[in-house]
1. Mind telling me which of the residues Arg58, Arg25, Arg14 ends up being within 16 Å of Ala108 (Cβ to Cβ), open to solvent by 50 Å² or more (accessible area, probe 1.4 Å) and basic (Lys, Arg)?
2. Which of the residues belonging to the range 209-231 are under 20 Å from Met116 (Cα atoms), open to solvent by 70 Å² or more (accessible area, probe 1.4 Å) and outside any helix (DSSP H, G or I)?
3. Return a yes/no flag: does the range 31-42 have any residue that is small (Gly, Ala, Ser) and farther than 22 Å from Leu109 by Cβ.
4. Kindly establish whether Val80 is at pLDDT 90 or above, over 19 Å from Gln115 (Cβ atoms) and of a type in the set (Val, Ile, Thr).
5. Taking the stated definitions as given, is Arg191 outside any strand (DSSP E or B), open to solvent by 30 Å² or more (accessible area, probe 1.4 Å) and either in contact with a Pro (Cβ under 7 Å, 6 or more places away or on another chain) or not hydrophobic (A, V, I, L, M, F, W, C) (or both)?
6. Report yes if some residue within the range 114-132 is farther than 24 Å from Glu219 by Cβ and within 15 Å of the chain's Cα centre (by Cα); otherwise report no.
7. If you scan the range 102-150, which residues turn out to be aromatic (Phe, Trp, Tyr) and closer than 28 Å to Met70 by Cβ?
8. From the list Phe162, Phe200, exactly one residue is within 25 Å of Ala43 (Cα to Cα) and touching a His at 6+ places or on another chain (Cβ under 9 Å). Which is it?
Amino acid sequence: MPRGKRPLWLRKLRTATVAAPSLVRARIAARRPVEPDATLRLALIADLHTDADPYRDRSNVLRRAFAGMMAQCRGYDGVVAAGDLTNSAHPREYALLLGLLRAYFPGALERMIPQMGNHDARGTSIDPDFPQACRLFQDFCGQCGLQARRNYFAVRKKAHTFLVLGTERLLQNEAYLSDAQFEWLEQELARACAGGKPVFVVCHQPPHGHNQVDQRWPEGALGAESQRLDA
């Protein structure tokens with residue numbers, strides 16, 4: 001039987017077999033004591049593509065992944081989520097993502113550093129609503145305790161700076177960074193580098209010429225701003 005045609009009861013049963021052990025694993029990890037660490041400890045995830053359907057296999061993959069991260073990344077200072085948090089920028093997808101994080105990765109939201117990917121910007125609609133997508137992303141940032149009034153912002157963890165870039169125009173798979181964002185980036189870089197600590201720049205799309213993007217996914221690079229960001 002095709003996956004999409006499985007009866008709901010079977011999908012629920014399949015999810016239950018994943019959810020129960022994953023929840024137990026996450027709860028056990030949450031009870032373990034955390035020893036203070038002076039170093040900066042980070043987890044990096046990307047392309048979650050959260051689906052609105054809690055019983056899809058994709059949702060079960062996230063359950064397992066978050067429970068595993070809870071077991072391995074307990075006490076980390078930051079969780080960088082580098083884009084495509086959702087699959088189609090839908091409120092139900094963000095709601096499910098929040099629920100899964102709270103259940104299977106307790107405490108992650110307070111440490112989350114999210115970034116807007118192309119799916120978070122355009123979704124899968126033939127008539128996407130970019131302003132709504134921006135509001136949903138910024139609302140999610142608010143759930144993480146971040147005051148993000150734009151798609152780009154700065155976060156500081158243990159005197160280290162994270163500069164989160166974000167598209168300001170709907171360009172399907174590419175990202176668009178305005179002159180104002182580049183000016184902000186230059187100012188933030190100068191301020192952060194003066195402190196002598198490493199600076200992290202987060203963007204879902206890499207510039208051209210990096211990470212083999214030109215060979216593997218040329219339409220998914222940063223685009224026209226690639227050379228400017230490199231400079």
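1. Unique residue meeting the criteria: Arg25.
2. Correct list: His210, Asn211, Trp217.
3. For the range 31-42, residues small (Gly, Ala, Ser) and farther than 22 Å from Leu109 by Cβ: present.
4. So Val80 fails the test.
5. yes
6. no
7. Tyr104, Phe105, Phe137, Phe140
8. When all the criteria are applied, what remains is Phe200.
The values are calculated or read from the model by the stated rules, or taken from the named source; none is laboratory data. None of the values given here were measured: they were computed from a predicted structure. With ideal geometry, Cβ positions are generated from the backbone for all residues, glycine too; neighbour counts draw on all protein chains shown. For the accessible areas, the whole protein counts, side chains as well, though only heavy atoms, and no ligand, DNA or RNA atoms are used. Shrake-Rupley method; radii C 1.70, N 1.55, O 1.52, S 1.80 Å.
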